[in-house]
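Every read-out reported here was derived from the displayed coordinates using simple, explicitly stated rules and does not represent laboratory data. Note that the coordinates shown come from a computational prediction; the quantities given were computed from them, not determined experimentally. Cβ placement follows ideal geometry from the backbone for every residue including glycine, while neighbour counts extend to all protein chains displayed.
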Amino acid sequence: MKKNVETPTLEEALTNLEKIVQDLEQGQLSLDKSMDKFEEGVKLYKICRQSLESADKKIKILTDALKEEDWRE
């Protein structure tokens, strides 16, 4: 059975991703642990990318609506 794990916020994902990068850059982890961290980092990257793409779409919708309002006035 899968655990119901909440998706981290953009800020949480970025913080965790930065920590993973630091851990990997130190070079003190075993290969297996490094691979686990890398896999976790890829998942966090995808969460960050999805959050930013979602925000970008919302901003475009809002700014397009403003442009339409400006045009009508």
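Report the trypsin sites (Lys or Arg not before Pro) located in segment 1-47 that are in a DSSP loop and have at most 10 other Cβ atoms inside 10 Å of their Cβ, or state none.
Filter output for segment 1-47: K2, K3.
Quick one: putting +1 on the C-beta of Lys and Arg, -1 on the C-beta of Asp and Glu, what dipole do you get for the chain around its Cα centre, in Debye to the nearest 20?
300 debye
Please give the calculated 222 nm ellipticity per residue for the chain, where each DSSP H segment of at least 4 residues contributes -39500 (n - 2.57) and the sum is spread over every residue; nearest 500 deg cm²/dmol?
After summing the helix terms and dividing by residue count, I get -29000 deg cm²/dmol.
Explain nothing, just compute: Karplus ³J(HN,Hα) = 6.51 cos²θ - 1.76 cosθ + 1.60, θ = phi - 60°, for every residue of segment 53-62 in order, whole Hz, x for Gly and Pro.
5, 5, 5, 4, 4, 5, 5, 5, 4, 5
Report the gain in length on full extension from E12 to K43: 0.36 nm times residue separation, minus Cα-Cα distance, nm rounded to one decimal.
That works out to 9.9 nm of additional length.
What's log10 of I(q)/I(0) for the chain at q = 0.18 Å⁻¹, Debye sum over Cα points only, no solvent?
Log10 of I(q)/I(0), two decimals: -0.79.
With a cut-off of 8 Å between alpha carbons and a minimum separation of six or more residues, what is the relative contact order of the chain in percent?
Relative contact order here is 38 percent.
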